Amino acid sequence: MDFLNALVALTNFVVIPALAYGSQLALGALGVTLIYGILRFSNFSHGDVMAFGTMWVILTTWLLQAAGIGFGVLPTALLALPVGIVATILYMLAADKFVFSFYRRQRVKPVVLVMVSIGVMFITNGIVRLIIGPGRQSFDDGGRFIFSVREFREWSGLAEGLALRTTQFLTMVIALAVMIALFWFLNRTRTGKSMRAFSDNEDLALLSGINPDRVVRVTWVLTATLATIAGVLYGLDKGFQPFTYFQLLLPIFASAIVGGLGNPLGAIAGGYIIAFAEMTITYAWRRVLGHILPEEWLPDGLIQVLSVDYKFAVSFALLVLVLIFRPTGVFRGKSV
Amino acid sequence: MSRAATGAKPSAGNAATASGSDPMLIGEHMTGGYGGADILHSCTIAVEKGQIAVIVGPNGAGKSTAMKAVFGMLKLREGHVRLKGRDITTLTPQARVAEGMAFVPQTSNIFPSMTVEENLEMGAFLRRDDIGETMEQVYELFPILRDKRSQAAGELSGGQRQQVAVGRALMTKPSVLMLDEPTAGVSPIVMDELFDRIIEVARTGISILMVEQNARQALAIADMGYVLVQGRNRFTDSGQALLADPEVRRSFLGG
């Protein structure tokens with residue numbers, strides 16, 4: 001019985017939050033890895049592009065709420081999602097046309113494009129703060145729980161409770177659907193295959209008659225879509241604040257690099273690895289261990305390796321370890 | 001074509017003049033380089049329909065450069081490239097692919113993370129019709145590729161990769177197939193095998209233009225041989241005649 005309680009506590013405090021957070025990171029890392037694989041640079045503007053997309057979704061959500069339109073138990077933000085995606089796609093295509101394409105035509109080194117993306121990051125950051133402000137915004141509505149702690153306790157009769165929030169559940173379901181759709185696109189469609197070919201061998205792709213401009217355009221469209229979805233899911237789960245999205249850049253890049261830059265499967269694996277690492281290292285294990293270990297074995301402290309404030313240190317440490325011991329990542333990405 | 005397109009070479013009987021009509025593909029009096037000094041000096045390369053033309057010569061003779069010039073990867077200061085009698089000098093390499101030229105680079109000539117079948121599909125990217133039949137022909141030409149169709153091309157051996165590379169190029173149903181040192185880095189057995197396949201391709205009516213380091217073996221299967229020295233045509237004749245020429249043997253084939 002105690003073991004069961006430990007398992008429930010672990011699921012409630014570590015597994016479910018880590019799965020949700022990991023899904024958000026994975027979607028973010030997929031965008032980063034696509035840009036790296038096809039356009040061959042690390043896109044530092046990704047976090048703020050996520051904020052940009054989420055901002056439009058929040059604004060549209062408010063508009064819908066003011067008009068009295070809801071989505072039942074689901075958050076209204078899902079209705080507003082297409083607006084945010086379209087806005088972000090247009091924004092990224094404009095950024096490519098007016099900023100990135102100029103440097104691409106000059107065939108600059110990847111590091112120059114990284115610098116350019118930092119410029120785009122600052123601009124995007126400024127736009128978001130100008131329009132919606134630097135403060136924290138909450139925009140989730142609809143039903144809060146699929147099942148709550150109280151409902152679970154009554155159903156199971158256990159001392160420990162388990163809750164599944166609607167946003168966590170939605171995050172996992174939507175992330176899974178998006179990943180399946182993305183892989184179907186990359187592996188089964190003509191355009192998707194041409195993107196992989198372009199990523200594999202740019203010169204040969206050109207010789208095969210693949211249109212590079214089209215590949216670049218589709219890449220931005222996919223990236224903008226992934227960024228907006230990732231941003232909205234994160235915002236629904238944990239609240240929206242522009243600075244937080246900027247900070248997300250570190251765990252997202254850690255995910256992409258740990259999994260293997262340029263490899264979509266690696267980005268997904270990396271997202272969950274980083275999320276579970278952050279959660280297990282910053283979680284106070286006393287509660288779970290209290291159910292399993294005998295009283296006298298239990299230490300006095302919280303049995304927490306690092307405080308939650310240091311969660312970014314976990315992704316950073318993992319990133320450094322992977323770069324030292326397996327620089328191409330778990331799934332063997334590419335290194336320029 | 002009335003004008004003799006033989007350039008500065010002593011031997012008579014260019015394929016073009018012999019037949020009296022324009023060859024399938026001809027790069028005529030090509031002069032140019034990569035920006036600095038000229039590498040090619042009035043160099044002429046031609047291939048007839050269904051024939052094999054081989055470019056040989058010492059290191060740094062401009063063999064690959066001549067090939068790239070014909071394919072439009074090099075800006076010509078002088079000279080013309082004509083395909084089926086049509087001037088294509090100003091076309092980009094991509095546009096030449098659409099016109100029926102296929103090019104197999106010496107290195108990085110496959111998509112390593114994609115399967116063999118996907119490599120072939122990408123070769124046929126420009127085609128909107130059914131590619132199943134062409135793919136079947138490639139599999140008949142290179143049976144090993146059929147067995148490995150769902151394997152990543154980067155995991156194959158050197159010889160098999162070259163087969164993928166040639167197969168990819170054939171997927172556009174080209175009229176001319178250009179190969180840049182197809183046997184570089186493969187074992188002698190695989191080399192013989194590849195040459196056999198290349199002859200088979202030529203028998204289907206596709207013209208073949210290739211640069212080869214293994215001059216002796218390449219000239220043995222060549223209808224036409226071009227010996228380049230310092231970007232100039234030095235000898236031009238049928239493969240057999242070049243192999244028999246004592247001067248060519250002494251200077252370029254090691255006796």
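So which of A:Val111, A:Val99 ends up being surrounded by fewer than 16 Cβ atoms within 10 Å (Cβ to Cβ) and either under 24 Å from the mean Cα position of the chain (by Cα) or not aromatic (Phe, Trp, Tyr) (or both)?
Details: A:Val99 fails: surrounded by fewer than 16 Cβ atoms within 10 Å (Cβ to Cβ).
Exactly one of A:Val111, A:Val99 is surrounded by fewer than 16 Cβ atoms within 10 Å (Cβ to Cβ) and either under 24 Å from the mean Cα position of the chain (by Cα) or not aromatic (Phe, Trp, Tyr) (or both), namely A:Val111.
Return yes when A:Leu170 is of a type outside the set (Asp, Glu), farther than 15 Å from A:Leu39 by Cα, touching a strand residue (DSSP E or B) at 6+ places or on another chain (Cβ under 8 Å) and within 14 Å of chain B (Cβ to nearest Cβ) and no when it is not.
Values: of a type outside the set (Asp, Glu): yes; farther than 15 Å from A:Leu39 by Cα: yes; touching a strand residue (DSSP E or B) at 6+ places or on another chain (Cβ under 8 Å): yes; within 14 Å of chain B (Cβ to nearest Cβ): no.
Considered against the rule, which asks whether it is of a type outside the set (Asp, Glu), farther than 15 Å from A:Leu39 by Cα, touching a strand residue (DSSP E or B) at 6+ places or on another chain (Cβ under 8 Å) and within 14 Å of chain B (Cβ to nearest Cβ), A:Leu170 comes out as no.
Tell me which of these B:Arg161 doesn't satisfy, since it passes every other one: (1) surrounded by 21 or more Cβ atoms within 10 Å (Cβ to Cβ); (2) not in a loop (DSSP other than H, G, I, E, B).
Answer for B:Arg161: the failing condition is (1).
Is it fair to say A:Ala159 is more than 11 Å from every other protein chain (Cβ to nearest Cβ), surrounded by fewer than 17 Cβ atoms within 10 Å (Cβ to Cβ), at pLDDT 95 or above and more than 30 Å from B:Phe71 (Cα to Cα)? Step through it out loud before you land on a result.
Values: more than 11 Å from every other protein chain (Cβ to nearest Cβ): yes; surrounded by fewer than 17 Cβ atoms within 10 Å (Cβ to Cβ): yes; at pLDDT 95 or above: no; more than 30 Å from B:Phe71 (Cα to Cα): yes.
So A:Ala159 does not fit the description; no.
Show me the helices (runs of 4 or more DSSP H) entirely contained within segment A:249-336 in which 3 or more residues are touching a residue at least 60 places away in the same chain (Cβ under 8 Å) and closer than 23 Å to B:Gly154 by Cα.
Details: elements: A:249-259, A:264-282, A:286-292, A:311-325.
In segment A:249-336, the matching helices (runs of 4 or more DSSP H) lie at A:249-259, A:264-282.
Does segment B:220-232 contain any residue that is crowded, with 17+ Cβ neighbours inside 10 Å, touching a strand residue (DSSP E or B) at 6+ places or on another chain (Cβ under 9 Å), under 28 Å from B:Leu145 (Cβ atoms) and of a type outside the set (A, V, I, L, M, F, W, C)?
Let us first name the residues in segment B:220-232 that are crowded, with 17+ Cβ neighbours inside 10 Å, namely B:221-228, B:231-232.
From the residues that got through so far, the ones that are touching a strand residue (DSSP E or B) at 6+ places or on another chain (Cβ under 9 Å) too are B:221-228, B:231-232.
In the following step, the residues that additionally are under 28 Å from B:Leu145 (Cβ atoms) were identified as B:221-223.
This time we only want the ones that are of a type outside the set (A, V, I, L, M, F, W, C), so: B:223.
Yes.
Would you say B:Val54 is assigned to a strand (DSSP E or B) and in contact (Cβ under 8 Å) with a residue 40 or more places away in the chain?
On the way: assigned to a strand (DSSP E or B): yes; in contact (Cβ under 8 Å) with a residue 40 or more places away in the chain: yes.
Yes: the conditions hold for B:Val54.
In segment B:130-155, which residues are surrounded by 11 or more Cβ atoms within 10 Å (Cβ to Cβ), in a loop (DSSP other than H, G, I, E, B) and not charged (D, E, K, R)?
If the condition is that a residue be surrounded by 11 or more Cβ atoms within 10 Å (Cβ to Cβ), in a loop (DSSP other than H, G, I, E, B) and not charged (D, E, K, R), then B:Ile131, B:Phe142, B:Gln151 are the ones that fit.
Which residue, of A:Arg153, A:Arg105, A:Arg129, A:Arg144, is farther than 28 Å from A:Gly70 by Cβ, in contact (Cβ under 8 Å) with a residue 12 or more places away in the chain and of a type in the set (D, E, K, R)?
Details: A:Arg153 fails: in contact (Cβ under 8 Å) with a residue 12 or more places away in the chain; A:Arg105 fails: in contact (Cβ under 8 Å) with a residue 12 or more places away in the chain; A:Arg144 fails: farther than 28 Å from A:Gly70 by Cβ.
Answer to the selection: A:Arg129.
Given the conditions (1) surrounded by fewer than 24 Cβ atoms within 10 Å (Cβ to Cβ); (2) touching a Gly at 6+ places or on another chain (Cβ under 7 Å); (3) of a type outside the set (Gly, Ala, Ser), report the number of the one that A:Leu265 does not fulfil.
(2)
B:Arg82 is checked against (1) away from chain A (no Cβ under 14 Å); (2) surrounded by fewer than 19 Cβ atoms within 10 Å (Cβ to Cβ); (3) not acidic (Asp, Glu) and fails just one. What number does that condition carry?
(2)
What is the residue count in segment A:198-216 for residues that are crowded, with 22+ Cβ neighbours inside 10 Å, more than 8 Å from every other protein chain (Cβ to nearest Cβ) and touching a Leu at 6+ places or on another chain (Cβ under 8 Å)?
Result for segment A:198-216: 0.
State whether the residues of segment B:148-158 include one that is without any contact (Cβ under 8 Å) to a residue 60 or more places away in the chain, within 20 Å of B:Thr204 (Cβ to Cβ) and within 14 Å of chain A (Cβ to nearest Cβ).
Taking segment B:148-158 and keeping what is without any contact (Cβ under 8 Å) to a residue 60 or more places away in the chain, we get B:148-158.
Now restrict to residues that are within 20 Å of B:Thr204 (Cβ to Cβ): none.
For segment B:148-158, residues without any contact (Cβ under 8 Å) to a residue 60 or more places away in the chain, within 20 Å of B:Thr204 (Cβ to Cβ) and within 14 Å of chain A (Cβ to nearest Cβ): absent.
For residues that are over 12 Å from B:Val166 (Cα atoms), among the aliphatic types (A, V, I, L, M) and in contact with a Leu (Cβ under 9 Å, 6 or more places away or on another chain), scanning just segment B:92-124, find the one that is farthest from the other protein chains (Cβ to nearest Cβ).
Among those that are over 12 Å from B:Val166 (Cα atoms), among the aliphatic types (A, V, I, L, M) and in contact with a Leu (Cβ under 9 Å, 6 or more places away or on another chain), it is B:Met101.
Is there any pair with a first residue in segment A:16-28 that is over 23 Å from A:Ser45 (Cβ atoms) and a second that is assigned to a helix (DSSP H, G or I) and of a type in the set (Gly, Ala, Ser) whose Cβ atoms are under 7 Å apart and which are 6 or more apart or on different chains, and what are they?
What qualifies is A:Ala18/A:Ala275.
Restricting attention to segment B:94-129, and to residues there that are of a type in the set (A, V, I, L, M, F, W, C) and part of a loop (DSSP other than H, G, I, E, B), which single residue is farthest from B:Ile208 (Cα to Cα)? So that I can check it myself, show each step before the final result.
Let us first name the residues in segment B:94-129 that are of a type in the set (A, V, I, L, M, F, W, C), namely B:95, B:97-98, B:101-104, B:110-111, B:114, B:116, B:120, B:122, B:124-126.
Filter once more, keeping what is part of a loop (DSSP other than H, G, I, E, B): B:110-111, B:114, B:124-126.
On the way: B:Ile110: 19, B:Phe111: 23, B:Met114: 27, B:Ala124: 19, B:Phe125: 21, B:Leu126: 21 Å.
Selected residue: B:Met114.
Checking the structure you have, find out if any residue of segment B:197-206 is free of Cβ contacts under 8 Å to residues at least 24 places away in the same chain and in a helix (DSSP H, G or I).
For segment B:197-206, residues free of Cβ contacts under 8 Å to residues at least 24 places away in the same chain and in a helix (DSSP H, G or I): absent.
The values are calculated or read from the model by the stated rules, or taken from the named source; none is laboratory data. All of these numbers come straight from a predicted model, not from anything done at the bench. Cβ coordinates were reconstructed from backbone atoms using ideal geometry, including for glycine residues, and neighbour counts include every protein chain displayed.
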